Amino acid sequence: MAHAARLGALTDDLITAVSSSTPRRDRRQPSQLKESALRTFKSQHHIRVNQFEIDARLEGLLEKFYVLNNEPLADALKPRLDELAAIPNKWRPELLALLLALSDRPAEKTDTDRALEIIPDEPVEQQLTWAEIIADDPLDEEGIWDDVENESDYSEHRPPSLSDESISEPTTSTSASFLGEDDPGTLARAFVIPKDHEQLGQVKDLRDRITGMHSGSELTELQVIRQILLMLHGLPTDLFELGSSGRFQNRHSCRLANIASSTLSQVFQDSTLLGSQIMTVRRFTKSNQQSVVLQSFQAAVQTRLNAFGRTLSSIEQDFLQQENSAVVSILKVHAEIDRVAKPLTHLGDLIPDNALKHNVQALHLLNNLFKQACNLQLIGEDEEGAEVAALLSRCLEPYLRPVRLWMTEGKLIASDELFFVRCLDESSDRGSIWHSRFMLLKQADGLIFAPDFIQSLAERIFRAGKSVMFLEALGHTPDVSRPQDLDIAQIMQSTSNALLPFSEVFRLALTRFVDALEGSETRTLRQILMLQCGLQANITAINHLYFGVNGAHFQNFAYSSFQRMDRGSGWDDRFILTELAQTAFETVDAVMADHITIRVKSRTDKKATASYGQREDILGRIVVDYSISWALQNVLTSKTMAICQEAFTIMLRLYRAQYLLHQQEWALSIMASRSKDQRVKELLALRQHLSWFVTTMKGYVCEVSSVVTNQLAVDLEAAVDVDGIVAAFDTFQLSLTSKLLQHENLAPIQESVLAILDLYEDLALEWRDAVKQISDHASHPTPRQLVVQQGFSTRRDMPEVDETVDLTDDEDESEPHGHFDQRSVLSVPSLLKEYNRQLSFLLAGLRSVSRIEGEPAWIMLSEKLSWGVLGADRKHT
């Protein structure tokens with residue numbers, strides 16, 4: 001019955017706890033819940049809980065509390081478990097299992113204070129009192145004091161002995177203060193008197209009254225000197241206090257006998273200023289600095305602070321030694337302190353602003369040290385200048401460590417934010433090692449992020465490291481013969497000259513440092529690129545492919561491609577065009593035919609079309625790619641190859657014009673012998689003008705290409721490193737762009753040249769029509785005449801369109817959008833008039849820009865074109 005009652009009461013409590021957190025709509029009557037729960041309990045037949053598992057879980061819970069540093073909770077739980085184990089109860093495992101199941105993060109949610117309140121207090125051990133001792137053994141017994149000596153065991157007449165029989169056997173009441181032979185600490189504490197704060201305050205007040213440190217009091221010089229020395233040591237004083245701004249100020253206005261108040265005020269003012277400056281230096285030495293340069297500066301400043309402290313101690317010692325009869329003079333001490341503290345005040349001026357980033361602080365510190373050393377030498381402070389120079393060398397040494405690593409091994413320290421070389425992309429392709437993988441970090445003003453004295457050497461350092469890394473990528477090991485223990489201070493000492501300013505000595509030392517680390521990698525890399533990598537052979541191949549140095553090979557490729565264009569669609573098959581190019585240049589020794597690839601740009605490419613007459617620039621879509629090694633791609637950049645491609649397109653257009661004129665030579669005899677028509681005379685005159693123009697332009701392009709290429713060879717021969725080679729190619733690119741009229745501001749002149757080249761297609765159409773009319777009047781056309789009639793085909797006759805589209809409809813739709821209508825285009829006088837108009841604009845533009853830019857090649861081209869026009873006009877008339 002008791003068990004049933006306890007079960008019912010427990011069930012009521014559980015129902016109340018659960019139903020209070022259940023939403024109102026889900027609640028049922030408590031009686032229904034109780035009946036349901038009791039039926040469930042009665043119908044369940046479970047085995048007993050494993051008491052050993054419960055004990056193990058509780059032990060684990062205690063261990064968890066200790067691990068989580070919640071020892072008070074563990075100490076509160078353990079005695080309760082022990083107390084519960086002492087009470088006999090067969091349901092103890094089940095109760096503990098229920099509590100464990102109901103627990104929710106006890107280590108975090110348990111209120112430890114409340115848990116400790118109900119811990120039973122430990123029984124207090126009953127202490128033996130003097131009353132009990134006297135009750136058992138009264139002190140008034142006869143003879144109890146007979147063996148007691150009158151003098152103390154520790155009197156000044158008898159030295160104490162820890163082995164005396166009187167203290168060898170400690171009693172119960174004296175055991176706590178027993179002095180053992182092996183415990184000197186306990187013996188010392190026996191003579192320590194506890195501090196009495198009240199008495200200490202009285203002593204301080206008495207000291208203030210004795211020293212007289214209050215406003216208006218008269219002090220001695222020795223007292224003032226002592227206060228100044230204490231302040232400079234960074235110790236608290238009675239005369240000076242440290243204000244909220246971090247500067248010392250007088251706490252009291254005192255007087256000195258035999259010294260004017262103005263003099264004393266000036267001494268106090270100078271002393272507080274000096275103390276404030278030295279306190280700033282002390283704070284800097286205690287600050288946490290991340291940069292190795294600032295840490296080196298901290299260590300050097302701390303060394304000088306220690307030396308300054310020893311100097312102050314020696315001044316104090318002169319006044320403390322009795323055998324020395326030192327004269328107490330505050331002015332003398334002030335002058336001596338000012339002399340020895342001057343280097344520290346200079347260092348205080350060099351401390352960088354904390355608001356800046358640590359790498360910027362280090363950069364400013366090196367610049368300030370260099371300027372300070374130069375200025376001190378200029379004003380004749382050679383001793384202080386030498387100390388600042390030595391400090392500069394010490395701070396510069398950690399700055400030069402990444403420089404040494406970069407120049408000797410081509411490696412960068414990822415965590416170094418002070419070095420001016422940065423790696424942009426370590427995974428970039430090897431063809432961009434020299435130009436894109438690394439960069440020089442620049443400041444907002446465009447200067448390199450380096451001290452002022454490194455600016456002139458930064459490019460050399462940058463180039464040397466890239467050369468080492470480039471050689472390693474090529475499989476060459478770096479030069480290990482270079483000295484690895486270079487010390488800038490030793491180099492400066494060997495370079496020192498009393499007749500030279502410090503700036504020059506320091507510059508020579510840095511130059512020798514860089515010279516010693518640079519090695520021969522830059523020259524070795526230049527030789528490898530020129531000889532082993534075949535730079536000169538690739539330049540020769542570019543001359544053949546892009547500039548048509550051998551006109552026969554270039555003409556074979558060009559004419560074969562033109563024939564495919566004139567046949568109609570399918571001409572832009574890149575495999576066939578590549579085969580034509582490889583076949584045309586396979587006999588050239590410098591050209592590796594299998595490295596040639598021809599591709600055709602898409603029609604959607606805006607750069608592949610010309611604007612004149614809304615005609616599609618088919619020739620501008622043809623691109624020549626010549627494969628070169630990744631090493632040469634670092635010097636033959638994409639910009640250089642782009643201008644070479646522009647030269648190739650120009651040459652292809654000129655060969656196209658000559659190709660159309662050569663096709664007309666088959667019909668010259670027919671035109672001359674069979675017809676005296678005015679139209680024929682006009683066609684011959686127009687053909688003569690266009691023939692002179694294309695011959696002049698082709699000669700000009702070949703000549704300037706040859707001049708620019710020869711200059712490139714001279715510049716490459718003079719280059720001493722990779723940067724020299726790159727600079728030579730940059731000059732080549734700029735010169736070729738200028739001479740070929742490819743600048744953006746020369747676009748009108750380019751359009752005029754394209755417009756004249758388009759007239760060759762119109763001339764071919766008119767020429768074919770005239771030949772056909774003359775041949776139709778002949779009674780018996782010869783086989784040669786038949787070939788002439790069927791051999792002409794131009795862009796206008798067979799446009800490059802989809803074969804499924806009606807060519808007639810496309811032609812009709814495109815003509816109204818042209819620069820001329822259909823009749824004017826086919827009119828020979830209109831073509832001649834257009835030629836004269838475009839040529840006049842071209843000549844005027846060339847003369848104008850040549851006067852502005854002073855380009856002699858443009859003047860030469862305009863003169864040659866004008867000669868041809870005048871000669872052609874005279875011959876025609």
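The set of residues in the stretch 343-387 being outside any helix (DSSP H, G or I) and surrounded by 15 or more Cβ atoms within 10 Å (Cβ to Cβ) consists of ILE351, PRO352, GLU381. Considering the stretch 529-580, the residues that are of a type in the set (Asp, Glu) and in a helix (DSSP H, G or I) include one that is farthest from GLN658 (Cα to Cα), namely GLU579. Within the set GLN295, GLN317, GLN289, the sole residue that is in a loop (DSSP other than H, G, I, E, B) and of a type outside the set (Ser, Thr, Tyr) turns out to be GLN289.
Scanning the stretch 718-741 for residues that are in contact with an Asp or Glu (Cβ under 9 Å, 6 or more places away or on another chain) and of a type in the set (S, T, N, Q) yields THR731, THR737, SER738. The sole residue among VAL333, VAL403 that is within 30 Å of GLU521 (Cβ to Cβ) and part of a helix (DSSP H, G or I) is VAL403. Within the stretch 277-299, if we keep just the residues that are of a type in the set (Ser, Thr, Tyr) and buried (at least 20 other Cβ atoms within 10 Å of the Cβ), the residue that is farthest from GLN227 (Cα to Cα) turns out to be SER291. Inspect all residues belonging to the stretch 589-604 and state whether any of them is farther than 30 Å from ILE433 by Cα, in contact with a Phe, Trp or Tyr (Cβ under 7 Å, 6 or more places away or on another chain) and at pLDDT 90 or above. There is no residue in the stretch 589-604 that is farther than 30 Å from ILE433 by Cα, in contact with a Phe, Trp or Tyr (Cβ under 7 Å, 6 or more places away or on another chain) and at pLDDT 90 or above. All of (1) touching a helix residue (DSSP H, G or I) at 6+ places or on another chain (Cβ under 9 Å); (2) closer than 27 Å to HIS544 by Cβ; (3) assigned to a helix (DSSP H, G or I) hold for LEU759 with one exception: (2).
Of the numbered criteria (1) over 25 Å from LEU294 (Cβ atoms); (2) in contact with a helix residue (DSSP H, G or I) (Cβ under 8 Å, 6 or more places away or on another chain); (3) in the same structural domain as ALA257 (by TED's automatic domain parsing), the one GLN321 fails is (2).
With the requirement that a residue be surrounded by 13 or more Cβ atoms within 10 Å (Cβ to Cβ) and charged (D, E, K, R), what does the stretch 319-341 give you? LYS332, GLU336, ASP338, listed by residue number. Among the residues in the stretch 231-243, are any surrounded by fewer than 17 Cβ atoms within 10 Å (Cβ to Cβ) and in contact with a Lys or Arg (Cβ under 6 Å, 6 or more places away or on another chain)? Checking the stretch 231-243: at least one residue is surrounded by fewer than 17 Cβ atoms within 10 Å (Cβ to Cβ) and in contact with a Lys or Arg (Cβ under 6 Å, 6 or more places away or on another chain). Modelled with pLDDT of 85 or more and hydrophobic (A, V, I, L, M, F, W, C), is that true of ILE454? Criteria met by ILE454. Screening LEU741 on (1) assigned to a helix (DSSP H, G or I); (2) buried (at least 20 other Cβ atoms within 10 Å of the Cβ) shows it passes everything except condition (1). Considering only the stretch 691-704, I want to know if a residue exists there that is under 34 Å from the mean Cα position of the chain (by Cα) and acidic (Asp, Glu). For the stretch 691-704, residues under 34 Å from the mean Cα position of the chain (by Cα) and acidic (Asp, Glu): absent.
The values are calculated or read from the model by the stated rules, or taken from the named source; none is laboratory data. The structure displayed is predicted, hence computed values, not measured ones. A quick note on method: Cβ atoms are made from the backbone with ideal geometry, for glycine too, and the neighbour counts reach across all protein chains shown.
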